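Chemist: Dropping the structure in here first, questions after.
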Amino acid sequence: MCFTDWDKIQAEDVSWRYRRKVARGENLAVAMVEVLRGATTRPHRHENEEVILVLKGSWRFHLRGEEVTLGPNQMLSIPPGVEHSSVVLEDTTAVDICTTARPDWSTGEDLALHYDPEQYLWAV
């Protein structure tokens with residue numbers, strides 16, 4: 001058994017628009033994510049099945065040549081190996097569940113997927 005108190009987990013800043021808290025079980029990783037409008041995720045694929053459940057906000061995913069926009073209480077299941085990307089349309093809170101337990105979330109290897117073009121703009 002694994003008990004998690006989300007209020008006691010330290011949030012990780014994936015980018016200035018994307019914060020994540022992660023809990024792990026034996027064969028899965030669960031993240032509570034808060035993402036701001038305009039956050040994007042580059043096209044990628046992984047060996048994990050991924051399920052995204054939007055609690056509030058609006059998040060558009062692109063996969064298999066289609067677009068799927070999730071709103072509150074809507075869920076998307078992405079099969080292993082399927083390329084996908086996304087853009088956040090409104091400030092969003094969601095639960096992201098992956099089987100198996102995403103090692104790239106622990107190592108930070110996935111940070112480059114959450115590219116933010118405004119992060120590289122600077123005033124002249």
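Chemist: Can you spot a residue in segment 10-24 that is crowded, with 16+ Cβ neighbours inside 10 Å, more than 23 Å from residue 99 (Cβ to Cβ) and in contact (Cβ under 8 Å) with a residue 40 or more places away in the chain?
Modeler: Checked against the condition, which is being crowded, with 16+ Cβ neighbours inside 10 Å, more than 23 Å from residue 99 (Cβ to Cβ) and in contact (Cβ under 8 Å) with a residue 40 or more places away in the chain, segment 10-24 yields at least one hit.
Chemist: Working only within segment 1-46, note down all residues that are assigned to a strand (DSSP E or B), of a type in the set (Lys, Arg) and modelled with pLDDT of 90 or more.
Modeler: 19, 20, 21 - these are the residues of segment 1-46 that are assigned to a strand (DSSP E or B), of a type in the set (Lys, Arg) and modelled with pLDDT of 90 or more.
Chemist: If you don't mind, there's one more thing I want to ask. Can residue 80 be described as over 25 Å from residue 27 (Cβ atoms) and not in a strand (DSSP E or B)?
Modeler: No: the conditions fail for residue 80.
Chemist: Given (1) modelled with pLDDT of 60 or more; (2) aliphatic (A, V, I, L, M); (3) surrounded by 12 or more Cβ atoms within 10 Å (Cβ to Cβ), where does residue 111 come up short, assuming only one miss?
Modeler: (1)
Chemist: Could I ask something else about it? Return yes when residue 95 is at pLDDT 95 or above, under 13 Å from residue 29 (Cβ atoms) and either assigned to a strand (DSSP E or B) or within 13 Å of the chain's Cα centre (by Cα) (or both) and no when it is not.
Modeler: Against the criterion (at pLDDT 95 or above, under 13 Å from residue 29 (Cβ atoms) and either assigned to a strand (DSSP E or B) or within 13 Å of the chain's Cα centre (by Cα) (or both)), residue 95 qualifies.
Chemist: Anything in segment 46-82 that is under 13 Å from the mean Cα position of the chain (by Cα) and without any contact (Cβ under 8 Å) to a residue 12 or more places away in the chain? List them, or say none.
Modeler: Hits for segment 46-82: nothing passes.
The values are calculated or read from the model by the stated rules, or taken from the named source; none is laboratory data. A quick note: this is a predicted structure, and the numbers were derived from the prediction, not measured. Don't worry about glycine lacking a Cβ; one is built from the backbone with ideal geometry, like all the others, and counts go over all protein chains shown.
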